[in-house]
Amino acid sequence: MKLSGGYLVSGMILAALLVVAPEPSHAQAIQNPLAVFAGLDKITGRITTFEIPVNEVRRFGALNVYPRICNSRPPTEEPKTTSFVQVDENLLSGGTRRIFSGWMLAESPGLNAVEHPVYDVWLIGCRDPNRKNVDDEPPDVPPAQGEPSTQDEQQPAPAE
């Protein structure tokens, strides 16, 4: 089978680009010590927000919620907050029954939320109380042209 010169050169260029082109880099997942959930009590219609430390259990109604890991991405990346969660139902007989074990996604709460006849639970986010929030600090951006800087505002106006 014989290739014409144009196809051969185009194929070689495409192959070189595939070898040389870098893949998009993804930042490491940030492991957070707290998982933040919302829970709906369908009897009262009340939605409750609660935080649970990773690898600890908290009770919400008749459910025991165990977040095993809670990951997020840095603020420079596209948001993606995930948590591996196990949920047990407390039975009237005194035992428990596992009703959920899997990943929850904060950006898609309806995808893997716990749906129980009386309670719904879904992931809102993950957080680390020791990590400084990027939004808490004002950015180091110089004032735009025509806008007075803070130094200009503190100087008295010249006397005429």
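State, as an integer percentage, the relative contact order of the range 30-132 based on alpha-carbon contacts under 8 Å between residues 6 or more apart. Before the final figure, lay out the partial values.
On the way: 246 pairs, mean separation 30.3, N = 103.
Reported relative contact order: 29 percent.
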Report the residues of the range 47-72 in range of a label on LEU34: point 7 Å along Cα→C-beta, backbone N strictly under 18 Å from it.
-> 48-60, 65-72
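Using the count of nearby Cβ atoms within 10 Å as a rough guide to exposure, how do SER83, SER101, SER93 rank from fewest to most?
On the way: SER83 26, SER101 12, SER93 7.
So the residues, fewest neighbours to most, are SER93, SER101, SER83.
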Linear extension gain, ARG131 paired with VAL57, 0.36 nm per residue minus alpha-carbon span = 24.4 nm
Applying the Karplus parametrisation 6.51 cos²θ - 1.76 cosθ + 1.60 with θ = phi - 60° to the phi angles of the range 78-90, what ³J(HN,Hα) value in whole Hz is obtained for each residue in order, glycine and proline being reported as x?
-> 5, x, 7, 10, 10, 8, 8, 10, 10, 10, 10, 9, 7
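Say R0 is 22 Å: what FRET efficiency, to the nearest 0.05, do GLN86 and THR48 get from their beta-carbon distance?
Numbers: r = 19 Å, r/R0 = 0.88.
The value I calculate is 0.70.
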For the range 61-76, Karplus-derived ³J(HN,Hα) couplings (6.51, -1.76, 1.60; θ = phi - 60°; whole Hz; x for glycine and proline) come out as x, 9, 10, 9, 10, 10, x, 9, 7, 9, 10, 9, 10, x, x, 7
What residues qualify as long-range amide H neighbours of THR96, i.e. H under 5 Å apart, gap of 5 or more or another chain, H built at 1.01 Å from N?
-> LEU91
Footprinting proxy, ILE47, ILE69, ILE52: sorted fewest to most Cβ within 10 Å, the residues are ILE47, ILE69, ILE52
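Please report TRP103, TRP122 as a ranked list, fewest other C-beta atoms within 10 angstrom at the top and most at the bottom. It would help to have the intermediate numbers written out before the result.
Details: TRP103 13, TRP122 20.
Fewest to most other Cβ atoms nearby, the residues stand as TRP103, TRP122.
Bear in mind these aren't lab numbers, they're just calculated from the coordinates by the rules spelled out. Just so you know, these numbers come straight off a predicted model, no measurement behind them. Using ideal geometry, Cβ is built from the backbone for each residue, glycine included, and neighbour counts are taken over all protein chains shown.
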